[in-house]
1. Report relative contact order for the stretch 142-184 in percent, whole number only (criteria: Cα-Cα under 8 Å, sequence separation at least 6).
2. Run the numbers on the chain and let me know its relative contact order in percent, using alpha-carbon pairs under 8 Å that are six or more apart.
3. Which GluC sites (Glu not before Pro) from the stretch 1-72 combine a DSSP loop assignment with at most 15 other Cβ atoms within 10 Å?
4. Go through the stretch 60-70 residue by residue and turn each phi into a ³J(HN,Hα) via Karplus (6.51, -1.76, 1.60, θ = phi - 60°); whole Hz please, and just put x for glycine and proline.
5. Could you tell me which residue out of Ala152, Trp179, Met189 lies farthest along the dipole of the stretch 140-192 toward its positive end? Charges go on the beta carbon: Lys and Arg +1, Asp and Glu -1, centred on the Cα centre.
6. How much net charge surrounds Leu209 when only the other residues with a Cβ under 13 Å from the Cβ of Leu209 are counted, with Lys and Arg +1 and Asp and Glu -1?
7. Please state the shape class of the stretch 1-109: rounded when a/c is under 1.5, otherwise prolate if a/b exceeds b/c and oblate if not, all from the C-alpha gyration tensor.
8. Starting with the highest mean, order 197-210, 113-126 by the number of other Cβ atoms within 10 Å, averaged over the residues of each peptide.
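The values are calculated or read from the model by the stated rules, or taken from the named source; none is laboratory data. Every value quoted in this text rests on a predicted model; they were computed, and no experiment measured them. A quick note on method: Cβ atoms are made from the backbone with ideal geometry, for glycine too, and the neighbour counts reach across all protein chains shown. Note: accessible area is taken over every heavy atom of the protein model, side chains too, but ligands, DNA and RNA are not part of it. Shrake-Rupley method; radii C 1.70, N 1.55, O 1.52, S 1.80 Å.
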Amino acid sequence: MEWSGEASVMALQRHGESAVILTVLTREAGLIRGLVPGGASARRAAMLQPGNRVSLRWRARLEEQLGTFSIEPARARPGLLAGADALAGVNAVTALLTFALPERDPHPHLAAATEVLLDLMDAGEDWAEAYLRWEMRLLDELGFGLDLTSCAVTGSREGLAYVSPRSGRAVSAQAAGDWAPRLLPLPAMLGGRGNGGIEDALALTGHFLQSRLAESHAGKPLPPARARLVARLTASRPASGW
């Protein structure tokens, strides 16, 4: 079995004296793991930093085997190491992807969105909202997507104020009635009425990442890297705006 193409580094794990087990994200094949002989050397350390693009060839005698990578640099993203926010960002993205996705299960749209997000982080731009949209894409790709376009009760697109913690569907203030205290607030930046900025929006996606992905699907807590990133993103922004 053989595969070749470009990918972004997600994670690496020391294996033996000089090798590493590398996990990369590809558009065509999803997450792929493979052994990189000599990958623990200082010469290769910079190339194999999470977030960097690499050109590689994966070979295995059987498809279910770990396989071996031959690898060359394609494009570095040095900006991912240039600041604490970007470093926290790439750590959260790579941790969530390796936590959530099974190996060799392609998600080309999610992979494309991940590349765009990593490029924004590398460029030093304000990527907090892009990260939020990426989390929503991740939920959607895994079958846990939120429907925030209309009220689950009335079908109206007006006055949306809440989200059902079970269905992930929006609910209008009028339809919520006495159930409002049991619902999650829908932040303004996600189409809700009133206030609600990045902190509230990440609390919403975090609820569904935890309840649907971590607890129901994976049976273990979310990677701590996500909580560390959320703390950084919300520390300098008021809850009601940017």
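1. 36 percent
2. 15 percent
3. Listed in order of number, the matching sites are Glu17, Glu28, Glu63, Glu64.
4. So the Karplus estimates, Gly and Pro as x, are 8, 5, 10, 4, 7, 6, 4, x, 10, 9, 9 Hz.
5. Positive-end residue among those listed: Trp179.
6. Counting the neighbours of Leu209, the net charge comes to 0.
7. Taking the square roots of the gyration eigenvalues as a ≥ b ≥ c, the stretch 1-109 is oblate.
8. 197-210, 113-126
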